[in-house]
Amino acid sequence: MGAKAKSISYHKEVTLSPDHTIRDVVSIFSRTRLDAVPVVDEDKKVIGVMTKHNLYKALLKGAPLVSPIAEFYARPAICVDEDMNFGEVYSFMQKKELGQVVVTDRLNQPWGMVTKMSVIENLRIRSERQARELASLLDALENGVLAVNSRSVITVINPAAEGMLGVRARDVLGRKVADVLPHVRLDMVMYNGSVRNWHKIEGLPGVLAKYLPVYNQGQPGGAIAVLHDLTDYERLAQEFESVKEMQQTLATVLDLAYDGLFTVNAQGTVTTVNRSMLDFLGLRSDEVMNRKVEEILPELGLQETIATGQSDLGDVKTIRGNRCIVTRLPIMRENQILGAVAKITFKGLNRLPDLVKRLEALESQISYYRDELSRVTHTGITFDDIVGNSPPMINAKKMASQTSRSLSSILLLGESGTGKELFAAAIHNHSGRRGPFIKVNCAAMPDNLLESEFFGYEGGAFTGARSSGKPGKFELAHQGTLFLDEIGDMSLPLQAKLLRVLQEKEFERVGGIKTVRVDVRIIAATNRNIERLMAEGKFREDLYYRLNVIAVRVPPLRERKDDIYPLAMHFIRKYNRILGSRVRGISPEAMEILTAHRWPGNVRELENVVERALNIVASGDVMPDHLPEYLQVRSGMKKHSREAEAPGLNMNSGIAGAEKELILRALAEAGGNRSKAADILGISRTKLYHRIARYGIGYKQ
């Protein structure tokens with residue numbers, strides 16, 4: 001209670017002198033509604049106080065209204081210093097049982113009066129402020145707090161407790177705890193008045209609770225439950241154990257490595273050394289670890305690697321009288337150099353050519369699988385990883401980047417094969433959300449499975465369901481991002497359920513009754529015309545407007561032909577690693593053909609073309625004759641060769657050639673999807689597969 005007495009006093013200007021009359025007193029009391037007024041002398045110093053009690057006594061004695069108050073006012077006045085804080089004033093008035101006191105300054109001049117009403121008003125203001133502060137504190141706590149009164153009625157529940165207990169405040173406040181939360185046994189604490197320390201609540205795995213009684217004048221007047229969610233800690237503990245296992249595995253692998261290995265941090269201090277290196281140096285681990293590398297092997301030149309960030313993949317050096325091959329690589333994260341690693345090959349150099357070939361093959365495979373893992377999980381994909389610097393692509397990436405940290409839904413629009421899934425992953429990784437990136441392909445899943453995939457199910461919910469139940473994609477994506485691909489193919493009943501989750505942020509599992517609350521950011525994508533689907537009654541307008549808060553259009557490849565060359569080079573580098581080829585680039589003639597094509601299959605079709613070319617050519621440049629036949633035919637390359645074959649026209653071969661070209665065109669327009677290509681051609685998939693096999697068409701699906 002830090003307020004000073006002078007800040008809560010009233011009517012500083014209202015005073016009386018001994019010469020004032022009883023009539024003056026009646027007038028002042030009527031005007032100010034005070035019960036007492038300080039009496040001052042000629043120097044304005046307090047000499048007494050005139051109270052209503054004094055007034056009543058004077059009137060009962062029959063004193064005329066014109067009588068001065070000199071013989072009637074009380075003296076001396078009960079005063080408090082202006083600098084006394086509110087708590088001291090309040091305690092003083094309670095102890096003396098006073099209805100009011102005079103507040104004076106250091107010269108004993110009055111500041112005003114502190115009355116019971118001013119004390120009560122100040123207490124009310126402070127109580128309201130403290131209540132607001134307490135409510136804000138409870139809302140901000142990560143721990144859950146649940147409180148009941150002496151009748152076991154719930155009076156307080158904060159958001160953290162709502163989430164842990166799976167209830168809403170409006171459903172439980174004012175109700176008995178035993179009726180709505182029977183597993184929270186606060187009644188036991190109120191019964192025996194003892195504290196129950198941290199324990200697990202039955203039916204709520206991962207939640208610890210502590211119960212404390214609240215006393216009122218020595219008697220239990222309620223109880224409080226403090227809840228703690230162990231989920232994050234258990235996950236961190238598991239991650240920590242995984243890291244320890246990984247470190248142990250890494251240490252074992254390094255000790256078994258054929259080459260000597262060194263790692264240093266950004267200051268050049270040794271952080272890792274393997275057994276082969278220690279044997280080569282003739283030193284113990286404690287003689288090497290945490291020392292500067294230049295003190296041990298200055299000829300390695302790792303300081304230069306740290307300073308420049310440049311790699312050196314095979315420098316021949318003489319170290320301690322032995323010819324060695326030294327490889328130096330910087331350790332980097334987000335363009336920041338964290339250290340460097342050195343690999344020293346000093347054994348069996350006569351077998352080096354074979355070892356180098358085997359190592360290169362292994363490194364290519366590792367690089368390929370790392371890329372594939374990144375592509376599947378989208379771990380670490382950023383907007384810089386999406387190839388394309390044409391104006392339409394820059395605009396699309398800029399829009400997606402600017403809105404990535406928003407909580408609003410994003411709708412990605414674009415044709416099949418344009419890279420919408422990469423955009424979704426980049427948006428998630430740039431959003432700062434802690435949860436995972438979960439993808440659902442709405443077109444690839446039957447309607448009867450889609451609901452259980454979205455919302456999960458309880459054990460025994462339907463025939464074939466796991467007895468333990470299964471969480472759905474919404475639960476898995478909690479605090480992360482849920483990517484709904486091909487949203488235009490979702491059935492209307494499921495659209496309605498999805499809309500409810502987007503609006504309420506909660507749902508029930510299939511076959512369940514417990515409400516699950518989630519924090520999920522939605523990114524949807526489609527290559528269909530949603531407006532047309534709405535007009536046909538196949539897509540809900542309210543869901544469309546809910547998803548289409550932020551729309552990002554991913555342009556087709558034909559609108560960004562400046563990106564064809566960098567994309568083709570990106571795929572060449574990718575398939576060089578996978579196939580072990582050494583293709584340098586694309587010839588101008590082949591590039592002209594690629595640029596002229598309209599790319600109905602977009603980036604996916606371009607990747608198929610490059611992959612096919614690198615299966616044909618192992619080195620040098622991709623030439624026009626390395627491209628698929630349907631591209632060569634469209635460019636006119638095959639015109640002369642076909643005219644040369646004109647003599648001896650054969651109807652069967654002509655029909656076969658036309659049929660093959662139609663199949664190639666359909667596959668191109670379908671982006672390699674054979675089912676869609678069959679629909680375009682108006683034939684069954686079985687017939688299409690037979691013709692693909694007959695004509696030896698190697699178009700990738």
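Brief remarks on what is shown
- Within the range 109-141, being outside any helix (DSSP H, G or I) and either in contact (Cβ under 8 Å) with a residue 60 or more places away in the chain or over 23 Å from VAL177 (Cα atoms) (or both) holds for GLN109, PRO110, TRP111, GLY112, MET113, VAL114, THR115.
- Screening the range 439-533 for strands (runs of 3 or more DSSP E) wholly inside it with 3 or more residues that are at pLDDT 85 or above and within 28 Å of PHE423 (Cβ to Cβ) returns the ranges 481-485, 521-526.
- Hits in the range 41-68 - residues which are without any contact (Cβ under 8 Å) to a residue 40 or more places away in the chain, among the small types (Gly, Ala, Ser) and not in a helix (DSSP H, G or I): GLY48, GLY62
- The range 1-40, subset part of a helix (DSSP H, G or I), among the hydrophobic types (A, V, I, L, M, F, W, C) and at pLDDT below 70, residue nearest to the chain's Cα centre (by Cα): ILE8
- Residue within the range 535-548 that is within 18 Å of SER416 (Cα to Cα), in a helix (DSSP H, G or I) and either modelled with pLDDT under 95 or in contact with a Phe, Trp or Tyr (Cβ under 6 Å, 6 or more places away or on another chain) (or both) present: no
Residue by residue, here is whether (1) in contact with a strand residue (DSSP E or B) (Cβ under 7 Å, 6 or more places away or on another chain); (2) part of a loop (DSSP other than H, G, I, E, B) holds:
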| position | (1), (2) |
| --- | --- |
| ARG170 | no, no |
| GLY174 | yes, yes |
| PRO182 | no, yes |
| VAL189 | yes, no |
| ASN197 | yes, no |
| LEU204 | no, yes |
| ALA209 | yes, no |
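- Residue ID - surrounded by the fewest Cβ atoms within 10 Å (Cβ to Cβ), chosen from residues in the range 208-231 that are without any contact (Cβ under 8 Å) to a residue 60 or more places away in the chain and touching a Leu at 6+ places or on another chain (Cβ under 7 Å): LEU230
- Residues that are surrounded by fewer than 19 Cβ atoms within 10 Å (Cβ to Cβ) and more than 17 Å from GLY163 (Cβ to Cβ), drawn from the range 496-518: ALA496, LYS497, LEU499, ARG500, LEU502, GLN503, GLY511, GLY512, ILE513
- Unique residue being free of Cβ contacts under 8 Å to residues at least 60 places away in the same chain, buried (at least 19 other Cβ atoms within 10 Å of the Cβ) and touching a helix residue (DSSP H, G or I) at 6+ places or on another chain (Cβ under 8 Å) when the list is PHE29, PHE86, PHE72: PHE72
- Scanning the range 302-337 for residues that are among the small types (Gly, Ala, Ser), at pLDDT below 80 and within 30 Å of GLY380 (Cβ to Cβ) yields a single hit, GLY314.
Conditions tested, residue by residue: (1) touching a residue at least 40 places away in the same chain (Cβ under 8 Å); (2) in contact with a strand residue (DSSP E or B) (Cβ under 7 Å, 6 or more places away or on another chain); (3) not charged (D, E, K, R).
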position: LEU484; (1), (2), (3): yes, yes, yes
position: ASP542; (1), (2), (3): yes, no, no
position: TYR545; (1), (2), (3): no, no, yes
position: ASN548; (1), (2), (3): yes, yes, yes
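The values are calculated or read from the model by the stated rules, or taken from the named source; none is laboratory data. Not measured: the values here are computed from a predicted model. Here the Cβ is made from the backbone with ideal geometry for all residues, glycine too, and neighbour counts use every protein chain on show.
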